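The values are calculated or read from the model by the stated rules, or taken from the named source; none is laboratory data. Everything quoted here is computed from the prediction, not taken from an experiment. Using ideal geometry, Cβ is built from the backbone for each residue, glycine included, and neighbour counts are taken over all protein chains shown. Ligands, DNA and RNA are excluded from the accessible area calculation, which covers all protein heavy atoms including side chains. Shrake-Rupley method; radii C 1.70, N 1.55, O 1.52, S 1.80 Å.
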Amino acid sequence: MISSARFAAVAAKTSVNRKFSALAFDKYPFLARLGLQENNMGCWNGKEWVGNGKTYTSMNPSTGEKVATIQFGNGDDYESCLKNMEEAQDSWKNLPPPKRGDIVRQIAQKLRDQRDDLGALISLEMGKIKSEGQGEVQEYIDMCDLAVGMSRQIPGQVLPSEREEHTMLEVWNPLGKIGIISAYNFPCAVHGWNSAVSMIAGNTQIWKGASSTSLVSIAQTKLMTEVLLDNNVHGGVATLCQGPGSSVGQTLIDDKRLNLISFTGS
């Protein structure tokens, strides 16, 4: 037998476990407005949302609530991202930089329209206060604005030649395919700092956000993808592959096909 006090404690614990066993997705209507669902694919390969890896459950760190599930990407999903990035590379790099800049401008407008909802998601999934979540989105917006200006100012020198009636021109070319790995504490802004400038430079990218903030990564990629597809741009310009650092992250770092890795973390 157990005492009445002990029984009450056990009952309370059971009640809490039962409360958090179901997903709290419907409790937060902004999730659906961001295009999220109770069960989400964690990999955008440039053509479709897929996920053939392990299932991950996103949590509210403030309460312990289970919010939604994510089907992580695996090695095959990662390869499909790289294939579609390669497919998108030529058309993207041949688009004039000011036109690439206009697409980044449209991404900034989407972020402005959804700043409150995306900020609320950052607060929910990462745990920072809502105003700081909104501030992160604003940082991404500000970086987009900077990149739009940069897209019309990419420098190139005009140099004298030793040959008569000839001039030498300096032309900047994209690096090609790049990788972005971002940390949990700034799940939106760090990606934005990298992505906006890389896109106007004509690179294609694969992003792996922190596992614990996978919903932010998915929502942000959905927003970018909508802009790309609205402009008839290949979705492989900006891919996403969520998964554990020990698998997807390590694969990304070791991949010699990527010409630059931006890795933010400690």
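When the residues of region 202-235 are narrowed to those that are free of Cβ contacts under 8 Å to residues at least 60 places away in the same chain and aliphatic (A, V, I, L, M), which ends up nearest to P96 (Cα to Cα)?
L229
Six or more apart or on different chains, Cβ under 9 Å: which pairs go from a residue in region 48-69 that's of a type in the set (A, V, I, L, M) to one that's assigned to a loop (DSSP other than H, G, I, E, B) and open to solvent by 50 Å² or more (accessible area, probe 1.4 Å)? Could you list them?
These pairs meet every condition: V67/L23; V67/E38; A68/L23; A68/Q37; A68/E38.
Search region 63-107 for residues being among the hydroxyl-bearing types (S, T, Y) and in contact with a Leu (Cβ under 8 Å, 6 or more places away or on another chain), and hand back the single one that is least open to solvent (accessible area, probe 1.4 Å). Before you say what the answer is, go through the steps one by one.
Taking region 63-107 as the starting set, the residues that turn out to be among the hydroxyl-bearing types (S, T, Y) are 63, 69, 78, 80, 91.
Then drop every residue that is not in contact with a Leu (Cβ under 8 Å, 6 or more places away or on another chain), which leaves 69, 78.
Details: T69: 24, Y78: 4 Å².
Within region 63-107, the match that is least open to solvent (accessible area, probe 1.4 Å) is Y78.
Are any residues in region 236-266 open to solvent by 20 Å² or more (accessible area, probe 1.4 Å) and either part of a helix (DSSP H, G or I) or without any contact (Cβ under 8 Å) to a residue 40 or more places away in the chain (or both), and if so, which ones?
G245, S246, S247, Q250, T251, I253, D254, K256
For region 162-170, does any single residue satisfy the condition of being open to solvent by less than 10 Å² (accessible area, probe 1.4 Å) and either among the aliphatic types (A, V, I, L, M) or over 23 Å from D77 (Cβ atoms) (or both)?
Residues of region 162-170 open to solvent by less than 10 Å² (accessible area, probe 1.4 Å): none.
No, every residue in region 162-170 fails to be open to solvent by less than 10 Å² (accessible area, probe 1.4 Å) and either among the aliphatic types (A, V, I, L, M) or over 23 Å from D77 (Cβ atoms) (or both).
Modelled with pLDDT of 95 or more, out of contact with any strand residue (DSSP E or B) (no Cβ under 8 Å at 6 or more places or on another chain) and over 21 Å from A120 (Cα atoms): is that true of V50 in this structure? Explain how you work it out, then say what you get.
Numbers: modelled with pLDDT of 95 or more: yes; out of contact with any strand residue (DSSP E or B) (no Cβ under 8 Å at 6 or more places or on another chain): no; over 21 Å from A120 (Cα atoms): yes.
Considered against the rule, which asks whether it is modelled with pLDDT of 95 or more, out of contact with any strand residue (DSSP E or B) (no Cβ under 8 Å at 6 or more places or on another chain) and over 21 Å from A120 (Cα atoms), V50 comes out as no.
Please go through (1) modelled with pLDDT under 95; (2) open to solvent by less than 20 Å² (accessible area, probe 1.4 Å) for H191 and return the number of the only condition it doesn't satisfy.
Just one mismatch for H191, condition (1).
Restricting attention to region 231-251, and to residues there that are hydroxyl-bearing (S, T, Y) and over 15 Å from the mean Cα position of the chain (by Cα), which single residue is modelled with the highest pLDDT?
Filtering region 231-251 down to residues hydroxyl-bearing (S, T, Y) leaves 239, 246-247, 251.
Subset that is over 15 Å from the mean Cα position of the chain (by Cα): 246-247, 251.
Working: S246: 81, S247: 87, T251: 94.
Per the stated criteria, the residue is T251.
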